[in-house]
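Worksheet: one structure, shown below.
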Amino acid sequence: MSGQGVWLRARARLRRFPALLAGCGEQAAAYGRCVAAAASGTTELRRDACLEEFRALRACFDRAVGPGV
């Protein structure tokens, strides 16, 4: 028994991700801007500094990919 089928299915799912996640550009940009602003200058990037933006991006990813992926 070979695991080739598992890898083929995994690759097929991964190939779909760019198209599925393309609709999350606005959320990704907002999160990126927040991280860049939080890490600029002499300030140190702190955990949860951009939690709201991260949650919005994660929610978009979850909606785009859907259940079972």
Working carefully through the options ARG33, ARG15, ARG9, find the one that is basic (Lys, Arg), surrounded by 12 or more Cβ atoms within 10 Å (Cβ to Cβ) and more than 12 Å from the chain's Cα centre (by Cα). ARG33
Does ALA64 meet the test of being loosely packed, with under 13 Cβ neighbours inside 10 Å and without any contact (Cβ under 8 Å) to a residue 60 or more places away in the chain? no
Go through the range 38-55 and give me each residue that's in a loop (DSSP other than H, G, I, E, B) and in contact (Cβ under 8 Å) with a residue 12 or more places away in the chain. ALA49, CYS50
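Taken together, the values in this text are just the output of simple stated rules run on the coordinates, not laboratory data. The structure displayed is predicted, hence computed values, not measured ones. Heads up, the Cβs are rebuilt from the backbone with ideal geometry, glycines too, and the neighbour counts pull from every protein chain shown.
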